[in-house]
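The structure appears right after this line, and notes come after that.
The values are calculated or read from the model by the stated rules, or taken from the named source; none is laboratory data. Quick caveat: nothing in here was measured; it's all calculated off a predicted structure. Neighbour counts run over all protein chains shown; Cβ positions are idealised from the backbone, glycine included. For the accessible areas, the whole protein counts, side chains as well, though only heavy atoms, and no ligand, DNA or RNA atoms are used. Shrake-Rupley method; radii C 1.70, N 1.55, O 1.52, S 1.80 Å.
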Amino acid sequence: MATTARAEPARGLASRLFATRKLTLDLAAPLSDADSTIQPFPDASPAKWHLAHTTWFFETFVLRDHLPGYRPFDERYAFLFNSYYEAEGPRHARPRRGMLSRPTLDEVRAYRAHVDEALERALPQLPADPLALVDLGINHEQQHQELLLTDILATFAENPLEPAYAELPPPVCFAVEPISWHRGREGIVEIGAPADGFAFDSERPRHRVFLSAHQIASRRVTNSDWREFIEDGGYRMPALWLSEGWDWVRREGIAAPLYWCDDGTEFSLGGRREVDWAAPVAHVSYFEADAFARWAGARLPTEAEWEDFAASADPVIGNQLDQAGAVVPRPGGGVLGDVWEWTQSAFSAFPGFAPAGGAIGEYNGKFMCGQFVLKGASCATPRGHSRASYRNFFPPHARWQFTGLRLARDA
């Protein structure tokens, strides 16, 4: 479980909680009931489900478990909006979330309002442990805010009308800087979140690792770089690809980043637009990132190399989510923001990791198999949510998120 050494005062926590809750509603405001019901593929979820699941989280782990006499808004919602918590009992199958035409979007909004009112009344009387769960719930909802945007992008991309979620300005002409290389530290360094302050359980405990001589790129790989990879036949060279990745490329007919079109445009949350060639490439899988790195005569950084590289970077600087609206990677950003960056490291437990007891302990640990770590943040990550120790993770074929890469090499 993610905890703090001492929970912050309820007043400050309440301010962050309801600002987060409002942003989620604002993100969903442009959507119709139909928009919010569609599930474009099993790994994505309908917007309506995101709105309800984040509410179920607070209702279950804070109100039900710590507010005597609380009565659920609707007993049936636990089955509909539990995600993967086995300890909470049976649930609606993930691939069939798009079949939930009821409750309606308005009914889900009413559910949110009911739970928010109960939280507002309860916060002043909650002790430290449930207040820490509120903090976890805030960070959990911020994760779903990013997922809501990327899932809506995937949903609208399936529509031949190519609807826009919101307006985006056209790309601005921006020169691509040549890659320079920073020599990373060698020897024993520490990674992972410190003991105080919020962090997800998978970020702890902080521990020592050994770094060999290496260099890490000054900037991320851009769309222009990726165009060169395509023009050089990168998607047609089996020697560049891991065996499973090459099978995936051939089976799925992969020939460019997700949402790219053959005419130099891409589909975005702002509808069809010209590709910004100076911006970081996005919507590429681990398989693609690994193949590109090999084509470029480099490799992906390890999680430890990346984290040590970014340790002194200000996590609130960069192109990240500040308010509801369309987002897109842009040129010239900070270390964190624009796109999540693939590493070559598997998502696994740090030495000494132990999940919390009960359902909350299922938050991260059960997914430590078949996933790779991504570091940083994206243009859809709520500002203030990320940090150098943050461990995002996805399977190697996933690319509907804002995922890109930064190169590394041995020194």
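Taking a sphere under 13 Å around the Cβ of Gln142 and counting the other residues whose Cβ falls inside, with K and R at +1 and D and E at -1, yields a net charge of +1. Here the accessible area is traced with a 1.4 Å probe on the protein chains. For the chain, carbon and sulfur cover 53 percent of it. Over the stretch 141-260, Cα pairs under 8 Å with separation of 6+ residues give a relative contact order of 19 percent.
Sequentially through the stretch 271-283, phi angles give Karplus couplings (6.51, -1.76, 1.60; θ = phi - 60°) of x, 6, 8, 5, 5, 8, 5, 8, 7, x, 5, 9, 6 Hz, Gly and Pro residues having no value and appearing as x.
Listed by chain and number, the lysines whose alpha-carbon sits under 19 Å from that of Lys22, ignoring those within fewer than 8 places in the same chain, are Lys48. Only the Cβ atoms of Lys and Arg (+1) and of Asp and Glu (-1) were treated as charged; on that basis the dipole of the chain about its Cα centre amounts to roughly 540 debye. Note on His140: accessible area approximately 10 square angstrom, rounded to 10, probe 1.4 Å, nucleic acids and ligands left out.
Taking every C-alpha pair closer than 8 Å and separated by at least 6 residues, the mean separation divided by the residue count of the stretch 298-380 gives a relative contact order of 39 percent.
Inter-part distance, the stretch 29-104 to the stretch 291-317, computed on C-alpha centroids, equals 35 Å. Excluding same-chain neighbours fewer than eight residues apart, the aspartates and glutamates reachable from Lys366 by a Cα-Cα span under 18 Å are Asp43, Glu86, Glu88, Asp201, Glu203.
Helix-derived [θ] at 222 nm for the chain: sum -39500 (n - 2.57) over DSSP H runs of at least 4, divide by residue count, nearest 500? Mean residue ellipticity at 222 nm (helix-derived): -9500 deg cm²/dmol. Summing +1 for each Lys or Arg and -1 for each Asp or Glu among the other residues whose beta-carbon sits under 12 angstrom from that of Asp65 gives -2. Note that the stretch 33-38 has calculated 3J(HN,Hα) couplings of 4, 5, 3, 7, 9, 6 Hz, one per residue in order, obtained from phi through the Karplus relation 6.51 cos²θ - 1.76 cosθ + 1.60 (θ = phi - 60°); glycine and proline are x. Net charge in the neighbourhood of Ser212 (other residues with Cβ under 13 Å of its Cβ; Lys, Arg +1, Asp, Glu -1) is 0. Sorting the Cα pairs of the chain by distance into bins of 10 Å, from 0 upward, gives 4, 22, 32, 26, 13, 3, 0 percent per bin. Heavy atoms of the protein chains alone define the surface here; on that basis the chain has 43 Å² accessible area per residue at 1.4 Å probe size. The phi torsions of the stretch 118-129, fed into the Karplus equation with coefficients 6.51, -1.76 and 1.60 and a -60° offset, translate into couplings of 5, 5, 4, 6, 7, 3, x, 9, 7, x, 5, 4 Hz, rounded to whole numbers, with Gly and Pro shown as x.
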